[in-house]
Each structure stands twice: as C-alpha cells, then as structure tokens.
Amino acid sequence: MSGPLAAGALLAGADDEVVELLAGYGRLVGVAFQLGDDLLGVYGDESVTGKTAVGDLRQGKETTLIAFARGTAQWPDLEPLFGRDDLGPDETAELAAGLERCGARAFAERLLADHVAGAVAALDTPLLPSALAATLTRVALGCVGRTA
C-alpha cells in the first residue's frame, strides 16, 4: 500500500513530508493486512473467506505464525504436519490448535494490532485533511478482526 499512497500524494502535489507520512502509513497497513491474511489462512471460516484453511498449511507457507512457532518448544510436534500434501481436516485442526497453544496466534494478533495502532497514530497530524485521515483510519482499523 505504500507505493500507491505515495504516488497518489505526489500526483496531488503533496510535499515530501506528506508523501513520507503516507508511505509509512501504507507500509504499516500493508503488513497488518498480510498478518490478517495469515491468520485467516489458518483460522478463517472458509465459507466467508472463500479460501481453504488447509491451503497455507498444506503448501508450507512461511507465515508469521510458522516463523514464531519454529522458535518454540512445540515446533517438533507441529513440524511433521506442516507442508504435507495430504494434510486433511483433522490434521489441519491439530496444527491450528498447536499454533494457538505455542502462542503463534496471539503473537500474530498482537503484531497486527501494533501495526494498526502505529498506522492510526501516524495519521494524527495537521498535515492531512481530516476527511482523508478519517478514511485512512477506517482502512487501518478494518485490518483488525477481518473475516474475509
């Protein structure tokens, strides 16, 4: 999100300070969105997200959840399930529960919330029109608790 926001600011004639502010906001929201996507890829409701909860785990995607879990004492129990082509619903549920038990889910949720808070804080400036700041605040807050 950083590039499009910075480009839009440049095209609108904004000064360098505003361009950097929006680029920084965009980086924070972009990471928050990806963290939300990582969480939905394991814990989301397939009927709402349109993507299977098995996919990321079966494909062996190295998400924040997995990176965190790799550093825990529980990883040796989780690793045999991760990235298996034949991962079924029961094993997926077992792996998701293991990621929660080891603290990976809570870590990703905290990281997401921190990025959203940082993005919203960046908008607290007289450099931006209040309507733009309000819209961008709603975008950032939309990353928390996403269901799709």
task: In whole angstrom, note down how far apart the Cα centers of region 109-148 and region 1-38 are.
output: 11
message: Under 8 Å for C-alpha pairs, at least 6 residues apart: give me the relative contact order for the chain, rounded to a whole percent.
response: 30
- line: Expressed per residue, the solvent accessible area of the chain in Å² (1.4 Å probe) is about 52
- line: Once normalised by the length of region 1-85, the mean sequence separation of its alpha carbon contacts under 8 Å that are 6 or more apart gives a contact order in percent of 22
- prompt: Can you tell which of Thr72, Ala133, Val19 lies farthest toward the positive end of the dipole of the chain, using +1 and -1 charges on the Cβ of basic and acidic side chains (Lys, Arg; Asp, Glu)?
  reply: Ala133
- request: Within 10 Å, count the other beta carbons around each residue, average over each peptide in 113-122, 23-32, 68-77, and list them highest first.
  value: 23-32, 113-122, 68-77
query: Taking the Cβ-Cβ separation of Ala93 and Asp114 as r and a Förster radius of 41 Å, what is the calculated FRET efficiency to the nearest 0.05?
result: 0.90
query: Considering the zone a paramagnetic label at Asp77 would reach in this model (a point 7 Å from Cα along the Cα-to-Cβ line), which residues of region 97-135 have amide N under 20 Å from it?
result: 97-108
statement: Per the 1/(1 + (r/R0)^6) rule, R0 = 41 Å and r from the Cβ atoms of Arg101 and Asp16, FRET efficiency to 0.05 is 0.30
task: Determine the shape class of region 18-83: with a ≥ b ≥ c the square roots of the Cα gyration tensor eigenvalues, call it rounded for a/c under 1.5, and otherwise prolate if a/b is greater than b/c, oblate otherwise.
output: oblate
- line: Long-range share for the chain, i.e. C-alpha pairs more than 18 Å apart as a percent of all pairs, stands at 60
- prompt: Once fully extended, how much extra length lies between Asp37 and Thr137, figured as 0.36 nm per residue of separation less the alpha-carbon to alpha-carbon distance?
  reply: 34.1 nm
query: Which percent of the accessible area of the chain is formed by carbon and sulfur heavy atoms (probe 1.4 angstrom)?
result: 57
message: Could you give the length gained by full extension between Thr125 and Ala67, i.e. 0.36 nm per residue of separation minus their alpha carbon distance, to one decimal place?
response: 17.4 nm
query: How would you classify region 106-148 from its alpha-carbon gyration tensor, with a ≥ b ≥ c the square roots of the eigenvalues: rounded for a/c under 1.5, else prolate if a/b is greater than b/c, otherwise oblate?
result: oblate
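The values are calculated or read from the model by the stated rules, or taken from the named source; none is laboratory data. Fair warning: this is a prediction, and the values are worked out from it, not measured in the lab. Backbone-built Cβ (ideal geometry, glycine too); neighbour counts: all protein chains shown. Only protein heavy atoms, including side chains, enter the accessible area calculation; ligands, DNA and RNA are left aside. Shrake-Rupley method; radii C 1.70, N 1.55, O 1.52, S 1.80 Å.
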